[in-house]
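Engineer: Structure incoming, see below.
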Amino acid sequence: MKRRQLMGYAGAGLVTTLVTSLSSHRQAGAQSGGSLTVQWLGHTCFLFTGGGAKILVNPFRTIGCTAGYRPPKVAADLVLISSQLLDEGAVEDLPGNPKLIYEPGVYEFQGIKVQGIAIPHDRKGGKQFGTNAAWQWNQAGINILHLGGAAAPISIEQKILIGRPDLALVPVGGGPKAYNAQEAKQAIQVITPKIVIPTHYRTQAADNATCDISPLDEFITVMQGMAVRRSNSDTVTISSSNLPENGAIQVLSYKF
């Protein structure tokens, strides 16, 4: 049976809302063609806009590796949380009243099917930092996979669920809670996404003594041979009609 429970953020607390037959109230264009705008808000936090929906993934508190970023206080219709650690699960200051999903399972929201896939958040089977939810959904005709803070290899069963994403957001900076460059490469070889946006790496904003993740250069080096696109912006627009079949790395620039 499909999981049809959404957690809605309301004021200072969380309320449970039972969602019924949302497919009959499908929002026009939610999964159809068009274009998807992806904005990097720092660390593993991204805002996806397209198909009549705004989906925010992993808003954070400014602490540790996120201390130098601006708080991602942006409006969204739906918020996906990979874990309830401070760098991936801060919702108390978000504007409006977005719906919130933070547990693996299968959900529907405005005609969009959202699937949360459980992957350990550490290299000890989740015993250190628990379970990470990798999020998969289709928005504006783009199949999206956000791996959050995945730290374990992708299993055959998970690969079957994931298929081949058009866009994969992959942690690359290592540390105890996410893939390092070589582990990220192995995950990419398994899922073969058309576009990879690297996440969870050391930047000028994440350059402090308490941050134990590596810079992007290490990942780019191990991915030698894969095309790299560098943007001067924190935003990229993607459409299903111009996806690179052989794969490319898209690097965004955080705006300080």
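Taken together, the values in this text are just the output of simple stated rules run on the coordinates, not laboratory data. Everything numeric here is computed off the predicted structure, so don't read it as measured data. For neighbour counting, all protein chains shown are included, and Cβ atoms are generated from backbone atoms with ideal geometry for every residue, glycine included.
Engineer: Just checking the chain: which Cys have no other cysteine's beta-carbon under 4.7 Å?
Structural biologist: Flagged as lacking a Cys partner: C45.
Engineer: Could you check the simple spin-label distance between I63 and T192, using points 7 Å along Cα→Cβ, in nm with one decimal?
Structural biologist: Calculated label separation equals 4.2 nm.
Engineer: Right, next: Go ahead and set up a Gaussian network model of the chain, Cα springs under 10 Å, then flag whichever of G175, G50, G116 fluctuates most.
Structural biologist: Of the options given, G175 has the highest mean-square fluctuation.
Engineer: If you stretched the chain out fully between A227 and R164, how much longer would it get, using 0.36 nm times the residue separation minus the C-alpha to C-alpha distance?
Structural biologist: 20.9 nm
Engineer: Let me ask you something else. Report the gain in length on full extension from T237 to S155: 0.36 nm times residue separation, minus Cα-Cα distance, nm rounded to one decimal. Numbers along the way, then the final one.
Structural biologist: On the way: separation 82, 0.36 × 82 = 29.52 nm, distance 3.04 nm.
Taking 0.36 nm per residue and subtracting the Cα distance, the gain is 26.5 nm.
Engineer: Taking 0.36 nm per intervening residue step and subtracting the Cα-Cα distance, what contour gain separates E92 from A75 on full extension?
Structural biologist: Result for the pair: 4.9 nm of gain on full extension.
Engineer: So, one more: Which whole-number percent gives the relative contact order of the chain, counting Cα pairs below 8 Å spaced six or more residues apart?
Structural biologist: Details: 666 pairs, mean separation 46.4, N = 256.
Worked out over the chain, it gives 18 percent.
Engineer: So how strong a dipole does the chain carry about its Cα centre when Lys and Arg Cβ are +1 and Asp and Glu Cβ are -1, to the nearest 20 debye?
Structural biologist: The dipole of the chain has a size of about 380 debye.
Engineer: Which FRET efficiency, nearest 0.05, do N246 and S35 yield, Cβ-Cβ r, R0 30 Å?
Structural biologist: 0.90
Engineer: How much of the DSSP beta bridge set in the chain is antiparallel, as a percent to the nearest 5? Intermediate results must be reported in sequence, preceding the final value.
Structural biologist: Values: 40 of 61 bridges.
Taking every DSSP beta bridge within the chain, about 65 percent pair in antiparallel fashion.
Engineer: With a Cα-only, solvent-free Debye model of the stretch 36-251, what are the log10 I(q)/I(0) values at q = 0.08, 0.10, 0.11, 0.19 Å⁻¹?
Structural biologist: Log10 of I(q)/I(0), two decimals: -0.23, -0.37, -0.46, -1.64.
Engineer: If I model a spin label at F256 and E103 as a point 7 Å from the Cα along the Cα→Cβ vector, what separation in nanometres do I get?
Structural biologist: Between F256 and E103, the simple spin-label model gives 4.2 nm.
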